[in-house]
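One structure below.
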Amino acid sequence: MTNEKFIQDSTTVLKFIQLYCDDKHKDVPKKMAEKQLVYRENDLKCTLTYHLCDTCESTFNISYANLQACPHEDKPSCRKCPAPCYDKTDWKSVARIMKYSGMRLGLNKVKKLFTKGF
């Protein structure tokens, strides 16, 4: 996986988890944090800033660690991976977040089309 792909995938998973946390954990205390991206011992000079509850931050850290450890040069989607790195419990949690956020982001794109006009 290239550094650019790693940054893109890390940013995408954070966006999905942030959306889920904002919608589902409104009343849970959240903390602001930053993560300096590092992939295979390279300093990417990219920092992700997020505002997550402890549960969602833990999920993000697991996803980030799995992305760092991904052995595939041409990374498949995790759902289609021949050697998944998530354990069953973490996979179910991430899949629920991806499904929820993917639907929300898709609906937001459609909504923008109608509000901007064709």
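Per residue, how much accessible area does the chain have with a 1.4 Å probe, in Å²?
On a per-residue basis, the chain sits at 68 Å².
Build a GNM of the chain with springs between Cα atoms under 10 Å apart, and of 54, 22, 74 the one that fluctuates most is 74.
Just the number, please: carbon plus sulfur as a percent of the accessible area of the chain, 1.4 Å probe, no ligands or DNA/RNA counted. Its accessible area is 55 percent carbon and sulfur atoms. Size of the chain from its Cα atoms: along the principal axes, largest to smallest, the extents are 43, 37, 32 Å.
Taking the C-alpha atoms only, the angle from helix 54-69 to the longest principal axis of the chain is near 40 degrees. For the chain, averaging the sequence separation of C-alpha pairs within contact (under 8 Å, six or more residues apart) and dividing by the residue count gives a relative contact order of 30 percent. For the listed residue pairs 35/80; 31/80; 5/35; 5/45; 24/99; 15/35, the alpha carbons are over 23 angstrom apart in 35/80; 31/80.
Hey, what number do you get for the chain at 222 nm if only DSSP H runs of n ≥ 4 count, each worth -39500 (n - 2.57), divided across all residues, to the nearest 500? Could you put the intermediate results ahead of the total?
On the way: 3 runs with 67 residues, N = 118.
For the chain, the value works out to -20000 deg cm²/dmol.
The values are calculated or read from the model by the stated rules, or taken from the named source; none is laboratory data. Everything numeric in this text was worked out from a predicted model, so none of it was measured. Keep in mind that these areas ignore ligands, DNA and RNA; they rest on the heavy atoms of the full protein, side chains included. Shrake-Rupley method; radii C 1.70, N 1.55, O 1.52, S 1.80 Å.
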